[in-house]
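The values are calculated or read from the model by the stated rules, or taken from the named source; none is laboratory data. These numbers come from a predicted model, not from an experiment. Glycine gets a Cβ as well: all are built from the backbone with ideal geometry, and neighbour counts include every protein chain shown. Just the protein is used for accessible areas: all its heavy atoms, side chains included, with ligands, DNA and RNA removed. Shrake-Rupley method; radii C 1.70, N 1.55, O 1.52, S 1.80 Å.
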Amino acid sequence: MNSEVHGSAELDPASFRAIADLAYRESGLTLVEEKSSMIRSRLRHRLRDLGLSSFTAYSDLLRSEAGQAERRHLISALTTNVSHFFRENHHFDTLVQEFENRLPALRAGGAMRIWSAGCSNGQEALSAAISLLEHTPDAAKLDIRILATDIDPEVVQFARNGIYPERFMRGVPEGMMTKYFVKDHSDDTEPHYKVRPILSDMIRVNELNLLSAWPMTKRFDVIFCRNVVIYFDAATQSRLWPRFREALSPDGILFLGHSERISEPGTFGFECTGPTTYRPQAP
Ligand SMILES: C[S@@+](CC[C@H](N)C(=O)[O-])C[C@H]1O[C@@H](n2cnc3c(N)ncnc32)[C@H](O)[C@@H]1O
């Protein structure tokens, strides 16, 4: 099968529906008909890699027993992984404030748990770690752990590797580049920056679908779930809010993305305490 045939395969309405239903069931992603041509172009390489000539054949495969592995590739291709360091920087200022308040307890042996839910390539978790270390250089010696999770196995692998091409480094101030990353000149292509152990030792990266069970047993002091629920419908969001409430410590804090809101936060036991910033309501 030549690549022109894959490139010209049309995404017919029935296949679109089948793919959209599956994406919704498996990951909560809501795909609208108007995005059909974008979805077609994102999935074209899957047809090529599988040697399939039509989206009908592709949706048949997805629905079959043999299509289980392909469903992971599908979700990977459909997720939007845009992220950058210190995105929506005001949240990191609030994080540092929160950290400062907890510092005496941390120095006395307490713990601080942070979760980057929908972490993409890991910049959010790294920005959190850098913010804490910039405030308190010995923060790595305290009991602080940052969990970074995402449904997409490709970004999880990327975040675990911790090697960022220069174009990913937008937002990292010059002085922090060498302090927290090792520049790699090993080939003639774009320079890469490898995360130093002082950061990577604070962070664990795992695959996790927010719609599945969450295996974490301890509550979090801070949860970032930013620019993730924007891809979910209201029903899926409403199922997530009580789960985040449950996963937060009573004095914890939840950050959402700039265009995300909990409508009627009180219904879910939250109060809004700042821009896209929520805390559990006092009992
Ligand atoms: C636009 S990125 C946001 C990254 C980062 N939080 C930020 O704000 O820069 C959205 C991420 O959510 C992840 N995602 C989408 N659906 C998910 C789900 N059901 N469970 C976990 N992660 C999901 C995607 O794979 C993607 O990496």
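Answer yes if at least one residue in region 52-70 is touching a residue at least 60 places away in the same chain (Cβ under 8 Å) and of a type in the set (Val, Ile, Thr), and no otherwise. No - not one qualifying residue is present in region 52-70.
Matching residues to (1) within 14 Å of the ligand (Cβ to nearest atom); (2) of a type in the set (Asp, Glu); (3) surrounded by fewer than 16 Cβ atoms within 10 Å (Cβ to Cβ):
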position	(1), (2), (3)
Arg113	no, no, no
Ile130	no, no, no
Ala148	yes, no, no
Pro153	yes, no, yes
Lys183	no, no, yes
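Among the conditions (1) over 27 Å from Lys141 (Cα atoms); (2) in contact with a strand residue (DSSP E or B) (Cβ under 7 Å, 6 or more places away or on another chain); (3) part of a loop (DSSP other than H, G, I, E, B), the only one that Lys218 does not satisfy is (1). When you look at Leu210, is it within 16 Å of the ligand (Cβ to nearest atom) and modelled with pLDDT of 95 or more, yes or no? Spelling it out, Leu210 is indeed within 16 Å of the ligand (Cβ to nearest atom) and modelled with pLDDT of 95 or more.
Being in the same structural domain as Ser27 (by TED's automatic domain parsing), away from the ligand (no atom under 16 Å from the Cβ) and open to solvent by 30 Å² or more (accessible area, probe 1.4 Å) narrows it down to one of Leu52, Leu62, Leu47, so name that one.
Leu52
Here region 155-181 is the region considered, the condition is being assigned to a loop (DSSP other than H, G, I, E, B) and either among the basic types (Lys, Arg) or surrounded by 19 or more Cβ atoms within 10 Å (Cβ to Cβ) (or both), and the residue that is farthest from the ligand (Cβ to nearest atom) is Gly162. Among the residues of region 182-198, is any outside any loop (DSSP other than H, G, I, E, B), of a type in the set (Val, Ile, Thr) and within 16 Å of the chain's Cα centre (by Cα)? No, region 182-198 contains no residue that is outside any loop (DSSP other than H, G, I, E, B), of a type in the set (Val, Ile, Thr) and within 16 Å of the chain's Cα centre (by Cα).
Could you tell me whether any residue of region 65-84 is open to solvent by 60 Å² or more (accessible area, probe 1.4 Å), in a helix (DSSP H, G or I), within 16 Å of the ligand (Cβ to nearest atom) and under 30 Å from Ala20 (Cβ atoms)? Yes: one or more hits. Being free of Cβ contacts under 8 Å to residues at least 60 places away in the same chain, under 27 Å from Ile253 (Cα atoms) and in contact with a helix residue (DSSP H, G or I) (Cβ under 7 Å, 6 or more places away or on another chain) holds for only one residue in Ile151, Ile198, Ile146, and it is Ile146. Just one of the numbered conditions (1) open to solvent by 30 Å² or more (accessible area, probe 1.4 Å); (2) outside the structural domain of Pro250 (by TED's automatic domain parsing); (3) over 26 Å from Asp233 (Cα atoms) is not true of Ala108: (2).
Checked against the criterion of being away from the ligand (no atom under 16 Å from the Cβ), surrounded by fewer than 13 Cβ atoms within 10 Å (Cβ to Cβ) and part of a loop (DSSP other than H, G, I, E, B), region 138-145 has at least one qualifying residue. For region 269-277, the condition of being more than 17 Å from Ile114 (Cβ to Cβ), touching a residue at least 24 places away in the same chain (Cβ under 8 Å) and crowded, with 20+ Cβ neighbours inside 10 Å holds for at least one residue.
Of everything listed in (1) open to solvent by 80 Å² or more (accessible area, probe 1.4 Å); (2) within 16 Å of the ligand (Cβ to nearest atom); (3) closer than 24 Å to Leu256 by Cα, the single unmet condition for Lys218 is (2). If we keep just the residues of region 229-253 that are in contact with an Asp or Glu (Cβ under 9 Å, 6 or more places away or on another chain) and open to solvent by less than 20 Å² (accessible area, probe 1.4 Å), which is nearest to Asn81 (Cα to Cα)? Here the answer is Val229. Of all residues in region 85-111, those that are within 13 Å of the ligand (Cβ to nearest atom) and polar (S, T, N, Q) total 1.
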